[in-house]
Amino acid sequence: MSVPTDLRFTKEHEWVRIEGDTATFGVTDHAQEALGDIVFVELPEVGRSVDAGEAYGVVESVKAVSDVYAPVAGEVIEVNEALEGEPDLVNSDAYGTGWIIKVKISENNDSAELMNPDEYTEFLDD
Amino acid sequence: MTGLLKTPLFDEHVKLGGKIVPFAGYELPVQYKNGALKEYTAVREGEAGIFDITHMGQVRVQGKDALDFLQYVTTNDVSKLVDGQVQYSALLNEQGTFIDDITTYKMDDENYYLCINAANRHKDVAHLRKEAENFDVQIHDDSDDTTLLALQGAKAQSLLQDLVGFDLEDIGYYKFARGQIGSAGGIVSRTGYTGEDGFEIYIPNSIAVEVWHALVEKGAVPIGLAARDMLRTEMGYALYGHEISDGVTPVEAKLMWITKLNKGDFIGKAAVEARKAEGAQKKLIALKLVGRGIPREHYPVFVDGELNGEITSGMHSPLAGGGVALAYVKPEHMTEGHLTVEIRGKQIEAERTKTPFVRSNVRK
């Protein structure tokens with residue numbers, strides 16, 4: 001699967017879509033593939049503040065438990081409640097309906113080291 | 001990965017997109033390309049799955065004293081077996097704790113066959129050889145020459161029938177037959193670890209690929225370790241290293257049904273009797289989460305807000321619709337007290353339940 005061009009990526013295989021002062025987080029197709037069948041997603045509370053690089057939730061596959069880390073700092077304004085009933089959306093549509101949370105980007109603009117799509121593709125090839 | 005063994009089917013697993021992991025000293029597929037959930041579903045919902053469980057060990061016990069020997073080294077009553085019957089049993093040490101859990105196959109009065117866990121193989125064989133010194137028996141470790149396949153699920157019998165030279169319908173639950181399988185000979189038992197009807201197939205390594213291909217071509221779905229563990233846990237079956245170990249006796253593990261204290265002396269008997277009299281230190285229970293989450297091995301279990309024990313096996317059960325687990329708790333809390341499981345620092349509500357967690361379809 002090709003890497004969407006409107007996203008930025010972390011070394012932990014998370015993606016972020018920045019639109020104005022809002023950011024949407026998810027895990028990449030590579031990440032869902034490596035995790036295998038996802039059977040549970042633990043979502044944070046709306047209103048919680050997350051630092052860049054902080055674990056904000058948990059994705060569990062049949063065999064593994066993995067933290068997911070915030071690519072940018074912000075306050076959680078929405079969580080993808082559909083994942084409570086259909087955690088496998090992360091597998092089937094990692095960049096779309098499998099998004100995990102939305103945050104209002106914090107004013108300090110703090111962010112993890114982000115890669116553009118070309119850089120991430122190269123990172124995956126290394 | 002150095003020092004790891006490969007089964008004769010290793011290349012087949014790789015060709016099928018198997019994700020290879022180290023397990024019990026072998027390189028085995030944790031899942032194939034369609035993922036563990038689809039594999040699980042194939043076995044539970046009307047298909048048949050094929051499992052390479054060649055890592056398990058096989059030991060032949062042969063000789064005039066075979067019955068007396070097995071009565072002494074295993075917990076179950078071997079005198080109850082007829083030719084062609086299989087029995088779930090265990091090897092204990094003098095402390096009454098588990099060396100291994102096994103199945104015993106009776107060929108005839110002087111020939112038995114044991115199927116043992118891969119991780120315990122060398123320990124088991126050394127133990128059996130040492131004890132055999134006092135009996136007229138010989139111990140043969142056939143593990144390296146034997147391929148073991150499990151074929152499990154509603155279609156198992158129809159898929160296997162064409163490959164064997166005997167009528168599978170004649171093999172009852174925990175019975176076996178010997179005869180032609182593919183181009184050689186072997187053993188087929190109506191046994192398994194999934195709670196579905198099905199067979200375990202013992203064949204020489206020389207025909208492993210041939211039999212595997214024939215079954216896969218007929219539609220058997222290859223199943224990896226992850227789905228195997230899901231199917232096993234949903235039945236509440238004990239697994240060595242999890243529910244049972246050299247730290248627990250059959251009294252704790254609720255395996256007194258395979259421990260026959262009235263059959264005469266056997267290794268560990270006195271210790272088990274003593275443990276039974278003084279009471280278990282902990283007891284295995286089955287639980288289901290009421291709250292959301294997945295209970296996993298080693299997660300702490302609380303009763304009335306206090307740490308009480310821990311989970312030994314746990315999973316998200318698609319059929320039970322939530323988290324299910326086996327756990328050890330203090331004996332007085334087997335049936336009483338408010339149960340919670342700690343998941344990432346939070347207490348998640350749970351309730352006691354019975355095994356199997358989902359309906360068993362074995363043919364009894």
Subject >> Taking N as its residue count, the alpha carbon Rg of chain B over 2.2 N^0.38 Å >> reply: 0.99
Original post:
Hey, which lysines would be in cross-link range of B:LYS282, C-alpha to C-alpha under 16 Å, not counting anything within fewer than 8 residues on its own chain?
Top reply: B:LYS254, B:LYS330
Subject >> Over chain A: helical MRE at 222 nm, DSSP H runs n ≥ 4 each giving -39500 (n - 2.57), nearest 500 >> reply: -4500 deg cm²/dmol
**OP:** Find how many whole Å separate the alpha carbon centroid of the stretch A:40-55 from the alpha carbon centroid of the stretch B:310-345.
**Re:** 26 Å
**OP:** Just report the Cα centroid separation between the stretch B:36-57 and the stretch B:263-295, whole Å.
**Re:** 29 Å
Original post:
Thinking of the stretch B:9-105 as a set of Cα atoms, what percent of all their pairs are more than 23 Å apart?
Top reply: 49 percent
**OP:** About the Cα centre of the stretch A:8-107, how large is the charge dipole given +1 on each Lys and Arg Cβ and -1 on each Asp and Glu Cβ? Please answer in debye to the nearest 20.
**Re:** 240 debye
Subject >> Mean residue ellipticity (222 nm) of chain B, computed from DSSP H runs ≥ 4 via -39,500 (n - 2.57), nearest 500 >> reply: -5500 deg cm²/dmol
Subject >> Alpha carbon centroid spacing (whole Å) that separates the stretch A:61-124 from the stretch B:231-262 >> reply: 42 Å
Original post:
Tally Lys/Arg at +1 and Asp/Glu at -1 over every other residue whose Cβ is under 13 Å from the Cβ of B:GLY314; what's the total?
Top reply: -3
**OP:** Would you tell me the mean number of C-beta atoms belonging to other protein chains that fall within 10 Å of each C-beta in A:9-17, as a whole number?
**Re:** 0
Original post:
Sorted from largest down, what three extents in whole angstroms do the Cα atoms of the protein assembly as shown have along their principal axes?
Top reply: 84, 55, 39
Subject >> Within-15-Å neighbourhood charge of B:ARG129 [Cβ basis; K, R +1; D, E -1] >> reply: -4
Original post:
Label points 7 Å out from Cα along the Cβ direction at B:LEU168 and A:VAL46: separation in nm?
Top reply: 5.4 nm
Original post:
When only Cα pairs under 8 Å and 6 or more residues apart are kept, what is the percent relative contact order across chain B?
Top reply: 18 percent
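How shielded is B:30-41 by partner chains, expressed as the average number of their Cβ atoms within 10 Å of its Cβ atoms?
Other-chain Cβ atoms within 10 Å of each residue's Cβ, averaged: 3.
Nearest 20 debye, what's the magnitude of the dipole of the stretch B:293-364 about its Cα centre given +1 on Lys and Arg Cβ and -1 on Asp and Glu Cβ? If you can, show how the numbers build up before the last one.
Working: 9 positive and 9 negative charges, 118 e Å.
Roughly 560 debye for the stretch B:293-364.
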Subject >> Average partner coverage of A:61-68, which counts Cβ from other chains inside 10 Å >> reply: 5
Subject >> Farthest toward positive dipole pole in chain B [+1 Lys/Arg, -1 Asp/Glu at C-beta], among B:TYR113, B:ALA66, B:ALA90 >> reply: B:ALA90
**OP:** Provide the net charge surrounding B:SER79, with neighbours chosen by a C-beta distance below 11 Å and charges set as Lys +1, Arg +1, Asp -1, Glu -1.
**Re:** +1
Original post:
Which links in B:LYS276/B:LYS364; A:LYS63/B:LYS364; B:LYS123/B:LYS288; B:LYS19/B:LYS283; B:LYS175/B:LYS218; B:LYS64/B:LYS130 stretch past 28 Å when you go from one Cα to the other?
Top reply: B:LYS276/B:LYS364; A:LYS63/B:LYS364; B:LYS123/B:LYS288; B:LYS19/B:LYS283
**OP:** Rank-order B:189-195, B:302-308, B:106-112 by packing density, defined as the average count of other C-beta atoms within 10 Å over each peptide's residues, highest first.
**Re:** B:189-195, B:106-112, B:302-308
Original post:
Which listed residue (B:LEU284, B:LEU319, B:ASN308) has the Cα farthest towards the positive end of the charge dipole for the stretch B:283-336, taking +1 on Lys and Arg C-beta and -1 on Asp and Glu C-beta about the Cα centre?
Top reply: B:LEU319
Original post:
Can you tell me the Rg and the Dmax, both Å, for the Cα atoms in the stretch B:282-353?
Top reply: 10.5, 31
Original post:
Once a ≥ b ≥ c are taken as the square roots of the eigenvalues of the Cα gyration tensor of chain A, is the result rounded (a/c under 1.5), prolate (a/b larger than b/c) or oblate (a/b not larger than b/c)?
Top reply: oblate
**OP:** Give me the distance in nm between label points sitting 7 Å out from Cα along the Cα-to-Cβ direction at A:GLU122 and B:ASP304, one decimal.
**Re:** 6.4 nm
Subject >> Charge dipole magnitude, Cβ of K and R +1, D and E -1 - chain B, Cα centre, debye nearest 20 >> reply: 1020 debye
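Read the figures in this text as sums done on the coordinates, not as results from a lab. If you're wondering where the values come from, they're calculated on a predicted model, not measured in any experiment. Cβ coordinates were reconstructed from backbone atoms using ideal geometry, including for glycine residues, and neighbour counts include every protein chain displayed.
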